[in-house]
Amino acid sequence: MSSIRSFIAVDVEDEEVVSKIAGIQKKILNSNVKLKIVERCNLHFTLKFLGNVEESRLDLIRSIISSIAEGYSPFTMMLHGIGAFPRISRPNVVWVGVLDGRENFIEIARELDRSLVKLGFKRENKSFEPHLTIARVRRYSDNLPDILREMSDMEIGTIGVDEIRFKKSILTLKGPIYETLYSARLEKPLAEED
């Protein structure tokens, strides 16, 4: 039976925000560090990574995503601060953080996690922190931590979150190619918020 590598995410498509992130990526590249930059078309916040999924299970996943999306109203997220995993002093992954809208995003991620466990997916065992990966460090440079610290409190911009996407990931030598398999709009009217 064939399977696809997949994840559930919120894409970052606001042109102003994407342009600001591209500027940050360029600044990091100028630090003489060897990086793999996340391409503009691939910028996203992951809600849940699913890994390889049998095609026979795709409809069940779509149904869960749709059901969860119906229970949430659209919201905004303030993108703020540059950080790194495992830590700024020794970065492997460079990311953009979230200030406002973080709680809504975390709640959707938790609900997806709880619902997908019923289909046999592994429960997340670490605390979930919304982040937007913008680069992966291939070779370290001594001045990169200082550059990241300078941007640790930078305001990036605001994005609207009104849709959850179920995405397919095709790995290639040039990097991943993402394809949206299904989109579910956040549909709960604002007046119904608790």
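The values are calculated or read from the model by the stated rules, or taken from the named source; none is laboratory data. These numbers were taken from a predicted model, which means no experiment stands behind them. Virtual Cβ from ideal backbone geometry, glycine too; neighbours counted across all protein chains shown.
With respect to the conditions (1) among the basic types (Lys, Arg); (2) farther than 19 Å from residue 154 by Cα; (3) over 14 Å from the mean Cα position of the chain (by Cα), residue 87 falls short on a single one, namely (2).
Evaluated against (1) surrounded by fewer than 18 Cβ atoms within 10 Å (Cβ to Cβ); (2) out of contact with any strand residue (DSSP E or B) (no Cβ under 8 Å at 6 or more places or on another chain); (3) in contact (Cβ under 8 Å) with a residue 12 or more places away in the chain, residue 118 falls short on exactly one condition, (3). Scoring residue 104 on the criteria (1) under 22 Å from residue 79 (Cβ atoms); (2) modelled with pLDDT under 90 leaves a single failure, condition (2).
For residue 53, the stated conditions hold: it is farther than 20 Å from residue 186 by Cα, in a strand (DSSP E or B) and β-branched (Val, Ile, Thr).
Only residues that are in a loop (DSSP other than H, G, I, E, B), of a type in the set (Ser, Thr, Tyr) and under 13 Å from the mean Cα position of the chain (by Cα) were counted across segment 1-48, and they come to 0. In the set (1) aromatic (Phe, Trp, Tyr); (2) under 24 Å from residue 14 (Cβ atoms); (3) over 15 Å from the mean Cα position of the chain (by Cα), the condition left unmet by residue 128 is number (3).
With the structure loaded, tell me whether residue 123 is over 15 Å from the mean Cα position of the chain (by Cα), within 29 Å of residue 35 (Cα to Cα) and basic (Lys, Arg) or whether it fails that test. Judged against the criteria, residue 123 is not a match. Restricting segment 135-179 to residues that are in contact with a Leu (Cβ under 9 Å, 6 or more places away or on another chain) and small (Gly, Ala, Ser), the residue that is nearest to residue 25 (Cα to Cα) is 135.
For segment 170-194, a residue qualifies if it is touching a strand residue (DSSP E or B) at 6+ places or on another chain (Cβ under 9 Å) and modelled with pLDDT under 95, and the qualifying residues are 170, 171, 175, 176, 177. Scanning segment 120-144 for residues that are out of contact with any helix residue (DSSP H, G or I) (no Cβ under 6 Å at 6 or more places or on another chain) and either modelled with pLDDT under 85 or in a loop (DSSP other than H, G, I, E, B) (or both) yields a total of 13. Of a type in the set (S, T, N, Q), touching a Leu at 6+ places or on another chain (Cβ under 8 Å) and modelled with pLDDT under 95: which single residue out of 56, 31, 89, 6 fits that description? Sole residue among the options that is of a type in the set (S, T, N, Q), touching a Leu at 6+ places or on another chain (Cβ under 8 Å) and modelled with pLDDT under 95: 31.
If you check 62, 110 for being in a helix (DSSP H, G or I) and in contact with a strand residue (DSSP E or B) (Cβ under 7 Å, 6 or more places away or on another chain), only one passes: 62. Scanning segment 94-107 for residues that are β-branched (Val, Ile, Thr) and either in contact (Cβ under 8 Å) with a residue 60 or more places away in the chain or in a helix (DSSP H, G or I) (or both) turns up 94, 96, 106.
For segment 15-50, the set of residues classified as touching a residue at least 40 places away in the same chain (Cβ under 8 Å), surrounded by fewer than 16 Cβ atoms within 10 Å (Cβ to Cβ) and within 26 Å of residue 184 (Cα to Cα) consists of 16, 39, 41, 49, listed by residue number.
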